[in-house]
Structures are given as C-alpha cells and as structure tokens.
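Read-outs: derived from the displayed coordinates by stated rules, not from any lab. As the structure is a prediction and not an experimental result, all values here were calculated from the model. Ideal geometry is used to build each Cβ from the backbone, glycine not excepted, and the neighbour counts take in all protein chains shown.
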Amino acid sequence: MNDSKSEDEIIVVTMRCIDSVAHFKDIDKVECGICGEMTWLSANWRGRKIDRIICKHCYDEGKYKDDDNTTNVTEACINDAVKLVREYYNIQGTDEEIRKRMIEVMERKTGEKINIVK
C-alpha cells in the first residue's frame, strides 16, 4: 500500500497479545505502529521487509480499504494456519479443503480478494 506507485508499502496486520494467545512457540512480539499495543508477529516475517505493523483493531478502525490496496497472505502463514486449526480446533477435512475455507472466510471478512504470495 502506498501513495506513490513506484513501490508498494508493506503493512502487516497482527493480532494484539491482549486479544489472543500465542499458538506457536516460535513467535515474536512487536508493537502496533498506531496504538503501541503489543502484538504477535509470525516467525514467517523474520528478515522480510515490513514498512508498518498495525494491529487488527487499528486496521479495522483505519482507512486501509480502497482501490489502491491489495490484501496478501504468505503461503507460509496459510500453511501455519492450516496446521493450527487442525491441531487446536480439530477441524475436519483435507488440508486443501481447510485452506479453501480459510481463504473464503478471510475474503468475506475483508471484503477483498486475497492474494497468496511466497
């Protein structure tokens, strides 16, 4: 997301620590760039370019939903989420069925098409 078309700004939306427990041992805590609340950041983001980290609460209240923005999720995060729902929530179905349902829910909640990136 960016005003200039030359380079996209990478904004990572995270869950606040006060709203969710960490479901993985290997997870980082980082501050929301808006409210300063501590959030969980997936280890999959280590070493990757991040311009801004925003908690879901601030994201939902902000103005990040417009035609210039795209919603992306990494393949690694999707794989971790599938593992999580299978282990902790005993969701039935194949990994591909769970993956498809998760993407459908994310698209419904964001109102946007989700792009899967490496």
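Computed over the chain, the convex hull of the alpha-carbon atoms projects to a mean area of 7.8 nm².
Relative to the longest principal Cα axis of the chain, at what angle does helix 75-89 sit, 0 to 90 degrees, rounded to 10? Helix 75-89 and the main axis of the chain meet at about 40 degrees.
Between ASP51, ASP60, ASP19, the GNM of the chain built on Cα springs shorter than 10 angstrom shows ASP19 fluctuating the most. Seen through its C-alpha gyration tensor, with square-root eigenvalues sorted a ≥ b ≥ c, the stretch 1-64 comes out oblate because a/c lies at 1.5 or above while a/b is not bigger than b/c. Cα gyration tensor of the stretch 70-118, axes a ≥ b ≥ c as square roots of the eigenvalues: rounded (a/c below 1.5), prolate (a/b > b/c) or oblate? Because a/c hits 1.5 or more and a/b exceeds b/c, the stretch 70-118 counts as prolate. Between helix 95-110 and the chain there is an angle of about 40 degrees, using the helix long axis and the longest principal axis of the Cα atoms. Counting 0.36 nm for each residue step from ARG16 to GLU37 and taking away their Cα separation leaves a gain of 6.9 nm. Each of VAL82, VAL73 was scored by other Cβ atoms within 10 Å of its Cβ. Listed from fewest to most, they are VAL73, VAL82. Computed from label points 7 Å out along Cα-Cβ, the spacing between TYR88 and GLU104 is 2.3 nm.
Among VAL12, VAL30, VAL21, the largest mean-square fluctuation in a Gaussian network model of the chain (Cα springs under 10 Å) belongs to VAL21.
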